[in-house]
Structures are given as structure tokens and as C-alpha cells.
Amino acid sequence: MTALPPSTGKKLGLVIDLDTCVGCHACVVSCKEWNSQSQASPLADLDAYGPAPEGAFLNRVHSFEVTPPEGPPVVVHFPRSCLHCEDAPCVTVCPTGASWKRAEDGIVLVNEAACIGCGLCAWACPYGAREMDGAERVMKKCTLCVDRIHNETLPEPDRVPACVKSCPAGARHFGDLGDPGSAVSRLVAARGGVDLMPEQGTKPVNKYLPPRPRDRLGGFSDESPLARYLDPVTDGAGGFLGWLDRSLGRLGGRP
Amino acid sequence: MHPAPSLILFTVLSGLGFGLLAVLGLGMHPATGWTAFALYGAGYGAAGAGLVASAFHLGHPERALLALTQWRTSWLSREAVLAAASLALMAPHAAGAVFLARPLPGLGAVAGALCLATVLATAMIYAQLRTVPRWHHWTTPAVFLTAALAGGTLLAGPPAAAAALAVLLAGTLAAHWRAGDRRFAEAGHSPETATGLGALGRVRLLAPPQTGGNYLLREMVHVVGRKHATRLRLIALAAGALAPALLIALLPAPWAIPPALALHLVGMLAARWLFFAEAEHVVGLYFDRPVGAAPAAPTTDQRNMPWKA
């Protein structure tokens, strides 16, 4: 049913640390890989070896430049995927019941067998989290790796989403954001985690941790902090280098 | 938003068809016999052609019947249920008028009201989307309903009502554009709110997530042809509403209706193309596509690989 559950037992989701994300796209690749082998249909690529390759992805990394009122601009790598919103507009617009939000853990899923590929859910999502699969012609979205996190055939440490498992920087955290005592909830509280586009009223479960303030190197100038190490150091050299230094100096002109 | 021909045809044709059936159901034209056959045939034909056109928009049209199930929450499902119900209920009324010269006014009125509810549901599919501020406004259902009623009365209503509704359509179109041009700014969305990085400073995209295209950009960040928006608005206003109003007010109906209908359809196709092409989706904020802006200059990538342009 496309009615949202009144409340969910857990609010499973991700906390993404924009301070530590290095923009390597490992989460993008591992997400694509896992969801191409484990789901009802692969995450299709079109024209993969042609001039205009294109494919469906459930997670994409943008890189933004943030310019503070004072000081140098900062580059922020920004992974973007489904936020498993509490008030998910993509679920209620679905005409067939293919889109639904699980009452037990809050994960938003698509039943591919009931999807007519109308695309309205993708229109309803402010975050661009849903993409039409060009080959299967059904909507695809992040499942929070529902087939990993509850999978008892996997070793305990592997029961996290593929993107979390693969992040080499430890920038992605998975847990129950409905439990104020969970590690992810405490992380959000400690670091001032934020919602994306809160004015859309979607109440996202996933949170983003803003970058910490950068260290300052005694004011901002165009001169490289390494410049002083590049000064000439041949003064007083002897032997062959000294002879070369003196000979070149006799040629005149600028050093 | 991408102005898909299937959606433009669907909304224009089904709007006209359900508008015409609403006018006939509400008893504004006492047609019987062959006249009734032609009018109800046109209504069913336009509504049906619209529904067939909409099926071309689906990835899996063979599962379309599932769309009748979620009417409690989904406007798209409500539209499907209302369309089926109004077409089914209208049939005995239409058959009575065509074959027995005995329409069923009570049933016709109920079916006519359902036809208008169908048009309202179509409009609400767009108006419910907070992600497209231009559509998320009362002028969206106002335009859809006045367009359907203006088209319907043009074909089967009293000329005075047709002229008045066509003028009203011009008003709702103008109100929709006037409000729409300010909606995005009023909603307060920006790259800063989209990324949650506003507390740090101004945000701009440095590198997109992929070098090629993707579904989101094609479907929702479409930026073609807004260059001619003002001209198209004038065409929509003049051909879609004002010229038909003048024709039906000044000429006898048999002379006025064919050119008025042709002009109205051309104008409504232009208006509906603009409805999609001018609509800015908030997801564009993640791709640094400022709203209302012309397409960006070609990237290095596009210059080196012209087939990607």
C-alpha cells in the first residue's frame, strides 16, 4: 500500500560525514556492483561501450565548492542517495502500490513487479534519489541494502549497506536514527547533523554532518606556504657546485 | 521538466474530451440522434485518445490496471478510477440520447460531475508536487478546469458560455504564468538548502557526479527552448483563448466552431508545452542549473565530443 505507516519501529538510515568524505566514488561503485547482482533485475547500463554511456545509479557523488564570507573556498564532496524520508512523497504518489515504506524499519522500497514505470515518484522526490532503469523500464532506488543488513547468512560485520562497508574514509555510518541512544544518533547530536531541503517537509531520516572549520595558516594569501623552502640555497657552496654557481653568476642577467 | 509529447497530447486531448462529456452530461446541449452521436463520439474519442497517449509514457503499460488500486493516497490512481467511472456512467446517458432520443439527465449530471473530477485529478497530479514550485499552486487546477470547460462549451455549449469561459481561460493562464514565475524564489530553495551547507557559505557545483547524461537531467532538468517562452505565451493566449472567444461571440456557431476549435487546440498545445518546459524541479539545484536560466555554454566534454551535445 502506498499509504505511509503512521510510525515505524526503527528508522534505519545513513549518516554521511561531509568532513571526511574524500570523493573517491567507492560507495558509488560498490552500490552499483551489489545492486546489479543481488536484486530482481540488474541496475542496467545503456551504451556502456559506446560514445554516450549512461546507466542507473542509486548513489552519486557531487563535488561542491563552498565559499565562506571570509577565507578561501572549500571543496565538499557530497554523496547523494535516498534519504528514506519519514514523510516520503515518492510513496504516496505511486498509483499501483509498487512504492512502499516498511513499517518495521522505515526503509522505502519499490516492488519491481508492480511498477508501471510512470516516473511520478521520481518527480515527487526532491533529492533525485530515484532513477528509471533504461533496460527494465521500472523505477530503481536505494534499498539501504535490505538484502545485506538483515541477512543472517552474511558474517555479522558485513550486515551493513555496501556503501558503508566500502567507504575507505569511514565517512558513512549506518544505524537506527529513531533510537536517540544509538551510535549514529549520538554522532548526529555531537556534530550538528542536518536535513537536506528541510523546507520540502519530507523529514529525511538520513543526516549529513557538515564539514568542520578548516585550520587557518595565519591568514590567507596568494603565496604558497611552501614558498620559503624554495629560496636558493647555493650560497657558500664549494667544489663543483660552487664553481658552477660562480661561473653562472659571471654571465650576468637575472638569476 | 521534460515536455514529453505523450503527456502534452494526453493532457490536452483528455481535458477536451472530458470537458465535452461534462458539458453534455450536465445537459447544456439537448442533442439526440446523429448530432448526439457526433458529439459523444468526439468526447469519448478525445478522452480515449488521451488515455492511449498516456500509456505511451509508461514503461510497463501491461500493468496499467494496477493503477486503479491506490486511490486512497495517489492522485494518479484517483484519475484512473475517476476516468473509468465517468466513462462507464456516461455510456447509458449517451446511448439514450443517441439511439432512443431519451437521455438520462440524472445519471448524465453525475457522470458529468465525475468528468470534471477527472480533470481535477489530472491537474492535482502536477499541483501536488512540492518539488516543482511552479505547479504547486491553485492556478494549476484552475487552468486545467477552465481549459476543459472552455473546450467543452466551445463544441456543445451556449455561445455566450463558451465565449465567457474562453476569456476566463485567458485569465487563469495569465495568473498561472504570473504566479509561476515567482514560485521558485518564494519557496526558498537554493543550492545552500539542497546541500545543507548554507551555514558555511555560498555553494556552487564544482564537479557533476558523472561525465555523461542521466535520467534525472533528461527528465527533470530539461532546459530547451525557454528562449521563445514569451512568444509562446502570447500564441497560447491569443489562439487558445481570445480568438476562439471572439469567433464564437461574433459568428454563427456552425461557422465559428471549426476554426475556433482548431485555434483552441493549437493554443492549448503551446500552453501545455510551456507548462512542462518552464517547470523547474528542485533537483536541478544539485546540478547547478539555476532556475529560468538559458542552457549553459557547451562543456569541454561536449566540444570535444560533439555527439554528446
Discussion item. Here's a check for you: in the range B:69-81, which residue that is under 20 Å from B:Ser6 (Cβ atoms) and of a type in the set (A, V, I, L, M, F, W, C) is nearest to the other protein chains (Cβ to nearest Cβ)?
Written reply: B:Leu76
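Looking at this structure, is A:Cys94 at the interface with chain B (Cβ under 8 Å from one of its Cβ atoms) and either surrounded by 23 or more Cβ atoms within 10 Å (Cβ to Cβ) or not in a loop (DSSP other than H, G, I, E, B) (or both)? Please lay out each step first, then the result.
Values: at the interface with chain B (Cβ under 8 Å from one of its Cβ atoms): yes; either surrounded by 23 or more Cβ atoms within 10 Å (Cβ to Cβ) or not in a loop (DSSP other than H, G, I, E, B) (or both): yes.
It is true that A:Cys94 is at the interface with chain B (Cβ under 8 Å from one of its Cβ atoms) and either surrounded by 23 or more Cβ atoms within 10 Å (Cβ to Cβ) or not in a loop (DSSP other than H, G, I, E, B) (or both).
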Discussion item. Which pairs turn up if I take residues in the range B:208-223 that are at pLDDT 90 or above and look for partners that are in a loop (DSSP other than H, G, I, E, B) and not hydrophobic (A, V, I, L, M, F, W, C) with beta carbon separation below 8 Å, at least 6 apart in sequence or on another chain?
Written reply: B:Pro208/B:Asp288; B:Tyr215/A:Gly134; B:Leu216/A:Gly128
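With respect to B:Thr195, determine if the residue is modelled with pLDDT of 95 or more, polar (S, T, N, Q) and farther than 25 Å from A:Cys24 by Cα.
Values: modelled with pLDDT of 95 or more: yes; polar (S, T, N, Q): yes; farther than 25 Å from A:Cys24 by Cα: no.
So B:Thr195 does not fit the description; no.
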Worksheet item: Looking at the range B:36-65, which of the residues that are modelled with pLDDT under 90 and not in a helix (DSSP H, G or I) is nearest to the other protein chains (Cβ to nearest Cβ)?
Response: B:His57
Worksheet, complete the sentence: The number of residues in the range B:186-201 that are within 32 Å of the chain's Cα centre (by Cα), assigned to a loop (DSSP other than H, G, I, E, B) and at the interface with chain A (Cβ under 7 Å from one of its Cβ atoms) is 2
Discussion item. Checking the structure you have, find out if any residue of the range A:53-61 is more than 10 Å from chain B (Cβ to nearest Cβ), closer than 18 Å to A:Glu136 by Cα and in contact with a strand residue (DSSP E or B) (Cβ under 8 Å, 6 or more places away or on another chain).
Written reply: yes
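Quick one: which of B:Leu247, B:Leu206 is buried (at least 21 other Cβ atoms within 10 Å of the Cβ), over 19 Å from the mean Cα position of the chain (by Cα) and either farther than 30 Å from A:Pro72 by Cβ or of a type outside the set (Ser, Thr, Tyr) (or both)?
From the options B:Leu247, B:Leu206, the qualifying one is B:Leu247.
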Item to complete: Within the range A:141-164, identify whether any single residue is within 22 Å of B:Leu58 (Cα to Cα) and either among the charged types (D, E, K, R) or buried (at least 20 other Cβ atoms within 10 Å of the Cβ) (or both), and answer yes or no.
Response: yes
Item to complete: Go through (1) farther than 20 Å from B:Pro209 by Cβ; (2) within 14 Å of chain B (Cβ to nearest Cβ); (3) of a type in the set (D, E, K, R); (4) touching a strand residue (DSSP E or B) at 6+ places or on another chain (Cβ under 6 Å) and name the single condition A:Asp17 misses.
Response: (1)
Worksheet item: Can we say B:Gly171 is surrounded by fewer than 23 Cβ atoms within 10 Å (Cβ to Cβ) and within 14 Å of another protein chain (Cβ to nearest Cβ)?
Response: no
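May I ask you to verify whether B:Glu62 is of a type in the set (D, E, K, R) and crowded, with 20+ Cβ neighbours inside 10 Å?
Values: of a type in the set (D, E, K, R): yes; crowded, with 20+ Cβ neighbours inside 10 Å: no.
Considered against the rule, which asks whether it is of a type in the set (D, E, K, R) and crowded, with 20+ Cβ neighbours inside 10 Å, B:Glu62 comes out as no.
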Discussion item. Can you list residue pairs whose Cβ atoms sit under 8 Å apart, with the first residue in the range B:134-146 being surrounded by fewer than 19 Cβ atoms within 10 Å (Cβ to Cβ) and the second being among the polar types (S, T, N, Q)? Count only pairs 6 or more apart in sequence or on different chains.
Written reply: B:His136/B:Gln128
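Do we have B:Trp75 as of a type in the set (Phe, Trp, Tyr) and closer than 22 Å to A:Thr96 by Cβ here?
On the way: of a type in the set (Phe, Trp, Tyr): yes; closer than 22 Å to A:Thr96 by Cβ: yes.
When the stated conditions are applied, B:Trp75 passes them.
The values are calculated or read from the model by the stated rules, or taken from the named source; none is laboratory data. Note that the structure is predicted; figures quoted are calculated from it, not measured. Ideal geometry is used to build each Cβ from the backbone, glycine not excepted, and the neighbour counts take in all protein chains shown.
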